[in-house]
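Below is one structure, written out as structure tokens; comments come after it.
The values are calculated or read from the model by the stated rules, or taken from the named source; none is laboratory data. Predicted model only: the values in this text are computed from it and were never measured. Heads up, the Cβs are rebuilt from the backbone with ideal geometry, glycines too, and the neighbour counts pull from every protein chain shown. These area figures cover heavy atoms from the full protein model, side chains too; ligands, DNA and RNA do not enter into them. Shrake-Rupley method; radii C 1.70, N 1.55, O 1.52, S 1.80 Å.
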Amino acid sequence: MTITRRTVLAGTALAAAPFGGTAALAQTTPNAAPAGTTSPQAPGFYRYKIGDIEVTAINDGFARRPVEGFIKNAELKDVQAALQEAFLPTDAFPITFNTLVLNHGGKITLIDVGNGDSGAPTSGRWMENFRAAGFDPAKVNTVVISHFHGDHINGLRLKDGTAVFPNAEVMVPDAEWAFWMDDARMNQAPEAMKGAFQGARRVFGPIAQNVKRYEMDKEIVPGLTSIAAPGHTPGHTTYMLSSGNGKLMVMSDLTNHPALFVRNPDWSAVFDMDADQARATRRRMLDMAAAERAQVAFYHAPFPATGHIAKDGNGFRFVPVQWSPAV
Ligand SMILES: [Zn+2]
């Protein structure tokens, strides 16, 4: 069959014809969801291997973000054009949340933990997906935190105070702790930022004595090295995961969506606390990923949020991995 614009527009006829018409389709189509509900997807986890380390991306849903006012140094029409180029809505776009689980010889390390029960109604899917992947929160050995924004730390503690990973050692960037746990800084902060300071106290306050503060350029758990990536927040951290010949650059919040900030690395999101520093960090890390042809994982990219970075014009392009049915 030759596909013309006309056959594309006549989409239903095109879809039905190769499978023997509507009668055959009716037999294989599962029951539709009841009116007013949505049909669920398969659980949001995806496994891959970096050397001997099994990595599992766990999805925590998404939050829709209005486009207007989101980028501080670009015209709205240019931002909308970038979204359109990626076939995304131009009024509000989805920011996806993806954490990583590292299984290294049975030792379980999490990198960030999602929104818990404190996020947007379209988030908070993490525990369901984590359990569907076969993991048990009581058996988590280590939780590594990249920075103190709520979408990365709130999953550590439910709103009622329950510690979600009772047996895990919690590791946080030293610079991040120094900034957000400083009472003087909280008192001087603009009103809009006070919530983030209070959020850090809600999550870490009860375990303050036991939180382990890590430094940059250190192997903080076997195979995982911290890399300073300041700008988004003062202690924002990315990582290099290495095992055998395998390498993964864990990019944390270097971008809120690749279609915006990988394509246009000089744009500044409202979330970047030091915009100039965040831009320089973003370029440096994306340049390194492109030059080394390294696999990357983002926290905020379409699930499963892993792939490679290619240079493209004055910016870059995110090329997702090809889905693999087995690791
Ligand atoms: Zn984030």
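Mind listing the phi-derived Karplus ³J(HN,Hα) values for region 251-260, rounded to whole Hz, using 6.51, -1.76 and 1.60 with θ = phi - 60°, and x for any glycine or proline?
With coefficients 6.51, -1.76 and 1.60, one gets 8, 6, 9, 5, 9, 9, 7, x, 4, 9 Hz.
Evaluate the Debye formula for region 210-265 with equal point scatterers sitting on the alpha carbons, no solvent, and hand back log10 of I(q)/I(0) at q = 0.13, 0.16, 0.17, 0.28 Å⁻¹, in q order, two decimals.
-0.40, -0.57, -0.64, -1.11
Just name one of GLY223, ASN264, VAL250: the one whose Cα is farthest towards the positive end of the charge dipole of region 197-279 (beta-carbon charges, Lys/Arg +1, Asp/Glu -1).
The Cα lying farthest towards the positive end belongs to GLY223.
In whole Hz, what ³J(HN,Hα) sequence does region 164-169 give by Karplus (6.51, -1.76, 1.60; θ = phi - 60°), x for Gly and Pro?
After applying 6.51 cos²θ - 1.76 cosθ + 1.60, I find 7, 10, x, 10, 8, 7 Hz.
How large is the translational diffusion coefficient of the chain in µm² per second when you combine the Kirkwood radius over alpha carbon pairs with Stokes-Einstein at 10 °C and 1.306 mPa s? Walk me through the intermediate numbers first.
Details: Rh = 21.2 Å.
Using the Kirkwood radius from Cα pairs, D works out to 75 µm²/s.
Build a GNM of the chain with springs between Cα atoms under 10 Å: which of ALA82, ALA192, ALA178 gets the top mean-square fluctuation?
ALA192
Using the alpha-carbon centroid of each, what span in Å lies between region 279-307 and region 204-274?
Taking the Cα centre of each part, region 279-307 and region 204-274 sit 11 Å apart.
Can you count the Lys pairs in the chain with C-alpha separation below 17 Å, eight or more apart or on different chains? Kindly include the intermediate steps, with their values, before the conclusion.
Details: LYS49/LYS107; LYS49/LYS247; LYS107/LYS139; LYS218/LYS247.
Total qualifying Lys-Lys pairs in the chain comes to 4.
Summing -39500 (n - 2.57) over the DSSP H runs of n ≥ 4 in the chain and dividing by its residue number, what mean residue ellipticity at 222 nm do you reach, to the nearest 500 deg cm²/dmol?
Details: 11 runs with 88 residues, N = 327.
So the helix-based figure for the chain works out to -7000 deg cm²/dmol.
Can you run phi through the Karplus equation (6.51, -1.76, 1.60; θ = phi - 60°) for region 216-226 and list ³J(HN,Hα) in whole Hz, with x for Gly and Pro?
8, 6, 10, 7, 8, 9, x, x, 10, 10, 7
Between rounded, prolate and oblate, where does region 121-269 land on the alpha carbon gyration tensor, with a ≥ b ≥ c its root eigenvalues, rounded for a/c under 1.5, else prolate if a/b exceeds b/c?
Details: a/c = 1.29, a/b = 1.03, b/c = 1.26.
Note, shape of region 121-269 comes out rounded.
For region 199-295, what class follows from the C-alpha gyration tensor (a ≥ b ≥ c being the square roots of its eigenvalues): rounded when a/c is under 1.5, otherwise prolate if a/b is larger than b/c, else oblate?
On the way: a/c = 2.41, a/b = 1.17, b/c = 2.06.
Note, shape of region 199-295 comes out oblate.
Can you pull the percent of region 248-327's accessible area that's carbon plus sulfur, 1.4 Å probe, other chains left in place? Write down the numbers at each step before the final one.
Numbers: 1750 of 3350 Å².
The value for region 248-327 is 52 percent carbon and sulfur by accessible area.
At a threshold of 8 angstrom on Cα-Cα distance, excluding pairs fewer than six apart, so keeping six or more, what relative contact order does the chain reach in percent? Can you show the working numbers first?
Values: 627 pairs, mean separation 50.2, N = 327.
With pairs under 8 Å counted, the relative contact order is 15 percent.
Just the accessible area per residue of region 208-327, please: how many Å² with a 1.4 Å probe?
On the way: 5210 Å² over 120 residues.
Ligands and nucleic acids excluded, the figure is 43 Å² per residue.
I'd like to compare 262-270, 209-217: which one has the highest average count of other Cβ atoms within 10 Å, and what's the full order after that?
Details: 262-270: 20.0, 209-217: 13.0.
Answer by packing, highest mean first, reads 262-270, 209-217.
Give the separation of the Cα centroids, region 137-160 to region 49-122, in Å.
For region 137-160 versus region 49-122, the Cα centre distance is 16 Å.
Looking at region 45-320, send over the antiparallel percent of its DSSP beta bridges, to the nearest 5. Don't jump to the answer; show the numbers that get you there.
Values: 45 of 57 bridges.
Here the share of antiparallel DSSP bridges comes out near 80 percent.
Taking amide H positions as placed 1.01 Å from N in the peptide plane, with prolines and chain starts having none, which residues 5 or more places from SER146, or on another chain, fall under 5 Å of its amide H?
For SER146, the qualifying residues are ASP112.
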